[in-house]
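Trainee: The structure's right below; bear with me while I get my questions together.
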Amino acid sequence: MSDVEHLTGTAATAAAGRGHLSRIFDMLSEIGGRTSPGDQIEESNFRVREGFHNFRLEPIEKEPPGIDFAEQPRPENVQLVYFARALQRTQLVGHFYQKGIEVPVHYAITGSIILERANRKFKVWRKPELRTNVMLPFNFVDRRDVLERFQGDSQVHLVNTEGDRAEYTQLRIAAVKKARELTLGLRSQLCSAWGLSDGQDLKKYMALSGTVTDIPNKLLGPNFFAIARRVYVPWQNSELLEPQLTLPPYHRGQVMRTVFTTGSDPMPKFTWFVRLRSSSQADPEFGLVRITCLADSDQEAIQKANDITGRIVDERLPVTFPADGWDKLIFPMKLCNDFLESMVPTRETVKSYFARN
Amino acid sequence: MKNGQPDCKFPEYLNGKFGPIGKAASTRDYPNTAQYFNFWISAGVDSVELGNIVAAVTDDGHITFGTVVELRSIMDIENFLSDYISHDFGDPNVQPPSDLAEIMIAKINVIRSTHERVRPIGRGIVYFASPQGVGWALGMGDYVAEGRGVPIGVMENGDNSLVPIFLDDEFLIGPEGSHMNMSGISGLATKTSLVEFLLKSILEKMIKTEKRRVAAVFFNVKGKDLLYLDKPNPQYEEDDPYTNKCRQMYDVLAIEMTPFENVRVFAPYDRKFEGHTKSFRRDGKVEHFIWELTEIVEDIPTLFDEESWDESVDAVYVDVKDQIERQPIVSYDQLIEWLNEERRVVSQAHITHWRGHEKEDFYKTAKNLDALAGLYDGLICTGGVDPVDIPLADLYNGSIFVIDIQSLNDRGQMMVFNKILTRVYSMLLDKNVDRDFDSVVFFIDELNKFAPSDPNVRAPIKQSLIEICARGRSIGVSLFGVEQFMSQIDRQVVDNSSTIIYGRTGPAELMTDNYSWLDQDMRDRLTTVPRGTFLLKHAKFVQPVWCKFPFPTCVPGDQYEEEDISAEVETESAFAFRRDL
């Protein structure tokens, strides 16, 4: 029964899992680098500016409606069926010395997924978009032959972070920015495919985790909205955020139009806050999420705000406690994240792999 | 997958038609080892249950077989508090818009792998093992092919396949191993029925293959359990689903649905009703036996409890035995006559001792021997009744002797059992005896009475049993013992059994050492195991197997009503001597 030509199942699986990390390690060696895995992912170290300072908030309601949406009837024409989320994890794995500076090398996982819900059960819509990347600024690499050889790799994408400022930290930030670009690209690709197919049923809405403020409206559909967890972002008139902190549970704030003020396309969208849940010892931002959607008129925006708020308040159950930020996390989004995370090596695996000389 | 079949080196070992039922995974908390692995069960597969035999196909195309020993249901709930909150702070009627993900995880104890290396599997697509695969995994293929397979039941896998399970006769009735022990609570008609089924299976297979010559001696220790082995089971006149399934099992196991042939039943003599026996069976089929004093003289001390037969009595009995041999005294009546004379002599005032013993000790011994005929009426010849022995020389290949000793008390049963057992043992040892059998299967219920684990309980034949259990396999003696609680059986008797069967067992019993090797879920399942199902441990199997067996072909004695049980007094008579001394 022996079969020496075959790897055992365990060995084969392990080898496949380590394969692309091994190739990155080889490449790093060939360009004269050394391993230096970071403790945290770069997204935790560097905040990428999302451009909110270029947007202004314009309230279309004078004050919140004062409705407890937990008690409101649910509209039949708005059903939450699709849930989308992206994954981005950029990890510093090594660096090399070139032209007088230390140049970082990153390992980045970028991906996006849509889950479809039917009869309270979930399944993956089509298939998740997932990319594994090794990122470095090409213009700091002398050994072009190494890059060329690596560019043909089918499993790991070699990405130029295009960092031009010859500073170690700036090059790290450039890597995170590039990773975000890739992530948004994958998200956009998947959402567009959805919009052209199942997204045509306008009763079935998609909830997307993240922000879409700077996405051109033509790329978004009418049955689509985004949920952002961060309350404060530097809008031009961010003082309008302050009253949102007093919203009671299951209430929404006033609807505001967001307008891009520095470009030719104002990309007008509508946004409002919803208090998903509260707790006696919670901080003012507890359970507060911001919803963004498109509408053709202010009246339609208000109607949509009411409809979507009712539906999103329903999603407060089941809770995702004790997940990080569970107060703002709805269960389908947690499931999206679990799914994506299950498909990639853990950050501990990556870190420990590169924690060797 | 190619043509609907998985990519593996041995596709015939899998049920590819049913399709994959899950995938093996190894996690930090539940890492796979060489002894077991875990797999999650595919959505929509709801037929995996404890005891199923599955096959995991690894990337290299090899298969690892295992038994499902644990099933866990996992929901995406971190703790009860979060679920409580998810139900709007404790309202069970709340139905959130999303159902929490729920998966089933199975733990598999590895039976065998097609790969020679002993190492854990990581990933592997899991299927139900095909009957052929189960056969290979359990190692049955070789001995079944050589005609040594004795069907004991079927394993019903999760894909509804009925897999015949065979024991290796060399490990059931010798010489490699021998003996079977079965435990389980009473009242489920499992233990006796299974032994009847197994005996049918053994005899039929052995006679068909002509490789072994096997006879059987069964002891009926209670009621009518084993008295009607030759009567067809009326259950098979029914047409209900379970009976039909039983028929299917006989088909799968290739056993004929006929009652036993060549059955002889023996019981102690009943002097009150000429020609009758102390048996519940009254159709004239039962033959009587009764022994002369000389036949049981060595066994007499075992018929009394310690209080009645203490060391001083035992010392007196040595001299009594001496006289029985010297004079000689051949009958019980002669013994009593002689004892009376001795009593008369000893009663004289100037005589203080009887053959060096205190007079009181002699009187006590004589009193015991006086009582013997009354206590064991029907077993000892008195009043001119001629001795009739159980004709063990008539045993032959395929024949069954049922010795009905239900009318005797425990000590009487023990004495008869031991006597027959040692006689057959001697017959098998003696190369000069002309006999038509090589092996004899003994069946005794309530084995705990004969070989108790408690050293403080008097069990005169325990050592003899241990000796037979240790050496019997090479001689051809196979003991099928049954009891309610295995923990009450001497460890050596159990350990020498190559086949151990567990029926439904109470939780307290399951906490004893005898069951500690079983996984917790398997143990727990034993508390609820349904009728006709048992857990089988066989010397050739790496893992225990859950089996089912059909109704036996003979009528269960406790369900049989004879038409002619006319005289109620006779029934009473059959009970009359089952007194505890």
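Trainee: Beyond 20 Å, what percent of the Cα pairs of the range B:293-385 remain?
Mentor: Distances greater than 20 Å cover 32 percent of the Cα pairs.
Trainee: Taking R0 as 41 Å, what's the FRET efficiency between residue B:211 and residue B:298 from their Cβ-Cβ distance, rounded to 0.05? The partial results should precede the final answer.
Mentor: Details: r = 37 Å, r/R0 = 0.91.
According to the calculation, E is roughly 0.65.
Trainee: Might you report the magnitude of the Cβ-based charge dipole of the protein assembly as shown about its Cα centre, with Lys and Arg at +1 and Asp and Glu at -1, to the nearest 20 debye?
Mentor: Roughly 5060 debye, rounded to the nearest 20.
Trainee: Ratio to report: Rg/Rh of the protein assembly as shown, with Cα atoms as the point set and Rh obtained by the Kirkwood method; give two decimals. Don't jump to the answer; show the numbers that get you there.
Mentor: Details: Rg = 41.4 Å, Rh = 34.9 Å.
In the protein assembly as shown, Rg relative to Rh is 1.19.
Trainee: Consider a paramagnetic label point 7 Å from the Cα of residue A:76 along Cα→Cβ; state which residues of the range A:293-329 have an amide N under 19 Å from it.
Mentor: Under 19 Å, as judged by backbone N against the label point of residue A:76, lie A:304, A:307-308, A:310-311 of the range A:293-329.
Trainee: Which of the GluC sites (Glu not before Pro) across the range B:13-83 are loop residues per DSSP, with 15 or fewer other Cβ within 10 Å?
Mentor: B:49, B:78
Trainee: Okay, next question. Roughly how many Å is it from the Cα centre of the range A:140-218 to that of the range B:271-334, as a whole number?
Mentor: The distance from the Cα centre of the range A:140-218 to that of the range B:271-334 comes to 98 Å.
Trainee: Next question. Set the bar at 27 Å for Cα to Cα. Now go through B:222/B:462; B:278/B:419; B:17/B:200; A:123/B:548; A:127/A:304; A:123/A:351 and name every pair that lies beyond it.
Mentor: B:17/B:200; A:123/B:548; A:127/A:304; A:123/A:351
Trainee: Follow-up question, since we're still on this one. Given bins 10 angstrom wide, list per bin the percent of all Cα-Cα distances in the range B:11-134, short to long.
Mentor: Histogramming the range B:11-134 at 10 Å steps yields 13, 40, 24, 14, 8, 1 percent.
Trainee: A further question on this structure: Label point 7 Å out from residue B:88 along Cα-to-Cβ: which residues of the range A:52-74 have amide N under 15 Å?
Mentor: Counting backbone N atoms under 15 Å from the label point, the list is A:68-74.
Trainee: Stick to Cα atoms and the Kirkwood definition of Rh, then tell me Rg/Rh for chain B.
Mentor: Rg/Rh: 1.08.
Trainee: Count the DSSP beta bridges whose two residues both fall in the protein assembly as shown, then state the antiparallel fraction as a percent rounded to the nearest 5.
Mentor: 70
Trainee: Among all the aspartates and glutamates, which ones have a C-alpha under 12 Å from residue A:204's C-alpha, if same-chain residues fewer than 8 places away are not counted?
Mentor: Within the straight-line cut-off, residue A:204 pairs with A:76, A:116.
Trainee: With everything on Cα atoms, drop me the angle between helix A:9-30 and the longest principal axis of chain A, reported from 0 to 90° to the nearest 10.
Mentor: Helix A:9-30 sits roughly 80 degrees off the main axis of chain A.
Trainee: Let me ask something else. Sum up the charges of everything whose Cβ sits under 13 Å from the Cβ of residue A:347, counting Lys and Arg as +1 and Asp and Glu as -1, but leave residue A:347 out.
Mentor: Details: positive: A:89, A:351; negative: A:39, A:42, A:43, A:341, A:348.
Counting the neighbours of residue A:347, the net charge comes to -3.
Trainee: How big is the range A:213-306 along each principal axis, measuring the range of its Cα positions in Å and listing the largest first?
Mentor: Cα spread of the range A:213-306 along its principal axes, largest to smallest: 45, 26, 19 Å.
Trainee: Measuring from label point to label point, each 7 Å out along Cα→Cβ, what is the residue B:434 to residue B:338 span in nm?
Mentor: The two pseudo-label positions are separated by 3.5 nm.
Trainee: Relative to a virtual label point 7 Å from the Cα of residue B:318 in the Cα→beta-carbon direction, which members of the range B:454-468 show backbone nitrogen distances below 20 Å?
Mentor: B:460, by backbone N distance to the label point.
Trainee: Once you average over the residues of B:51-60, how many Cβ atoms of partner chains fall within 10 Å of each Cβ? Don't skip to the answer; put the middle values down first.
Mentor: Details: counts 0, 0, 0, 0, 0, 1, 1, 8, 10, 9.
The mean count of partner-chain Cβ atoms within 10 Å per residue comes to 3.
Trainee: Note the angle between two axes, namely the Cα long axis of helix B:410-429 and the longest principal axis of the Cα atoms of chain B, as a number of degrees from 0 to 90, rounded to the nearest 10.
Mentor: Compared with the principal axis, the helix lies near 80 degrees.
Trainee: Separate question: Can you give the net charge of the other residues whose Cβ lies under 15 Å from the Cβ of residue B:192, counting K and R as +1 and D and E as -1?
Mentor: Taking every Cβ under 15 Å from that of residue B:192, the sum is 0.
Trainee: Here's something else I'd like to know. Which listed residue (B:193, B:143, B:131) has the Cα farthest towards the positive end of the charge dipole for the range B:127-209, taking +1 on Lys and Arg C-beta and -1 on Asp and Glu C-beta about the Cα centre?
Mentor: B:193
Trainee: Report the percentage of all Cα-Cα pairs in chain A whose separation exceeds 32 Å, rounded to a whole percent.
Mentor: Counting every Cα pair in chain A, those more than 32 Å apart make up 39 percent.
Trainee: If you don't mind, another one. Taking the Cα atoms only, what angle lies between the long axis of helix B:359-375 and the longest principal axis of chain B, rounded to 10 degrees?
Mentor: Value to nearest ten degrees: 60.
Trainee: Where the centre of each part is set by its Cα atoms, how far does the range B:145-171 sit from the range A:264-304, in angstrom?
Mentor: Spelled out, the Cα-based centre of one part sits 67 Å from the other.
Trainee: Between residue B:359 and residue B:426, how high is the FRET efficiency from 1/(1 + (r/R0)^6) when r is the Cβ-Cβ distance and R₀ = 51 Å? Nearest 0.05. Numbers along the way, then the final one.
Mentor: On the way: r = 39 Å, r/R0 = 0.77.
It comes to 0.85.
Trainee: With a 10 Å Cβ neighbour count serving as the proxy for reagent exposure, in which order, fewest first, do B:37, B:260 appear?
Mentor: Fewest to most other Cβ atoms nearby, the residues stand as B:260, B:37.
Trainee: Does the range B:187-275 come out rounded, prolate or oblate, given a ≥ b ≥ c as the square roots of the eigenvalues of its C-alpha gyration tensor, rounded meaning a/c under 1.5 and, failing that, prolate meaning a/b above b/c?
Mentor: Oblate is the answer for the range B:187-275, as a/c is 1.5 or above yet b/c matches or exceeds a/b.
Trainee: Additional query: Evaluate the charge dipole of chain A about its Cα centre and quote only its size in Debye, nearest 20, assuming +1 on the Cβ of each Lys and Arg and -1 on the Cβ of each Asp and Glu.
Mentor: 300
Trainee: Among A:69, A:96, A:225, which one moves the most in a GNM of chain A with springs linking Cα atoms closer than 10 Å?
Mentor: A:96
Trainee: Provide the per-residue ³J(HN,Hα) series for the range B:110-121, in order, calculated from phi with Karplus coefficients 6.51, -1.76, 1.60 and θ = phi - 60°, each as a whole number of Hz, with x at glycine and proline positions.
Mentor: Running phi through 6.51 cos²θ - 1.76 cosθ + 1.60 with θ = phi - 60° gives 5, 9, 6, 10, 6, 8, 6, 6, 9, 7, x, 8 Hz.
Trainee: So how far, in whole Å, is the C-alpha centre of the range B:45-72 from the one of the range B:339-404?
Mentor: After rounding, the separation between the Cα centres reads 62 Å.
Any read-out appearing in this document is the output of simple, stated calculations on the displayed coordinates, not a laboratory observation. Model, not experiment: these values are computed from the prediction. Note that each Cβ is placed from the backbone with ideal geometry, even for glycine, and that neighbours are counted across all protein chains shown.
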